[in-house]
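First comes the structure, then the notes that go with it.
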Amino acid sequence: MPEPADDLHDDLHGEALRAAREIFVVVGRLRRRLGALPGDAGLTPAQASVLTRLTKVPSATVGELAGAEQVSHQATVKTVAALEQAGLVRRDPDPTDGRRQLISLTETGRTRAYGARQARQEWMARALVEHGTPEEIRAVLIAAELLGKVSDTP
């Protein structure tokens, strides 16, 4: 006969599986909806993601960007080249290792990244207020904290 703790673990695992399924569906729908908002016009999702990532750090190597974005080095090289051609990022020699280049946002890239992010955040805030109760919005904050922990798990 299973122990009560085993039953609790099985129930929690079942609920976690259900939550995972729901998260995948909702995140996919949100990504499509957010991608359709003005601000990222002309950028691929990979390019928009790299711009957003570079708003969080002063500069990064292609390898660091590839690792953070969990894509190949070669794909990131292409993404960075397109962003550089558009005038949104620049490459500078790494002062500690002349073989590497540091990628950073240009002023145009910074303006575009922050403007697009702000537009998406404003849309999301309005939608949350329109469709959610204060309790539901607090639950979203708690869920976002947990999902942030999960996203940092190897």
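Key figures
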{"quantity": "Qualifying residue in the stretch 73-86 (condition: over 20 Å from Thr108 (Cα atoms), among the small types (Gly, Ala, Ser) and open to solvent by less than 60 Å² (accessible area, probe 1.4 Å))", "calculated": "yes"}
{"quantity": "Contacts under 6 angstrom Cβ, first residue in the stretch 116-138 being under 22 Å from Leu54 (Cα atoms), partner assigned to a helix (DSSP H, G or I), 6 or more apart", "calculated": "Arg120/Leu34"}
{"quantity": "Total residues in the stretch 98-154, condition over 29 Å from Ala16 (Cβ atoms), basic (Lys, Arg) and surrounded by 11 or more Cβ atoms within 10 Å (Cβ to Cβ)", "calculated": "4"}
{"quantity": "Qualifying residue in the stretch 112-130 (condition: of a type in the set (Asp, Glu), assigned to a helix (DSSP H, G or I), over 27 Å from Asp152 (Cβ atoms) and modelled with pLDDT of 90 or more)", "calculated": "yes"}
{"quantity": "Residue check, Arg90 open to solvent by 60 Å² or more (accessible area, probe 1.4 Å), modelled with pLDDT of 95 or more, more than 22 Å from Gly35 (Cα to Cα) and touching a helix residue (DSSP H, G or I) at 6+ places or on another chain (Cβ under 8 Å)", "calculated": "yes"}
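Here's the yes/no breakdown for (1) in a helix (DSSP H, G or I); (2) open to solvent by less than 80 Å² (accessible area, probe 1.4 Å); (3) more than 17 Å from Arg100 (Cβ to Cβ):
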site: Asp10; (1), (2), (3): yes, no, yes
site: Val26; (1), (2), (3): yes, yes, yes
site: Ser49; (1), (2), (3): yes, yes, yes
site: Ala66; (1), (2), (3): yes, yes, no
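The values are calculated or read from the model by the stated rules, or taken from the named source; none is laboratory data. Note that the structure is a prediction, hence the values are computed from the model and not measured. Neighbour counts are summed over all protein chains in view; Cβ atoms, including those assigned to glycine, are modelled from backbone coordinates with ideal geometry. Protein only, heavy atoms only, side chains kept; ligands, DNA and RNA dropped before computing areas. Shrake-Rupley method; radii C 1.70, N 1.55, O 1.52, S 1.80 Å.
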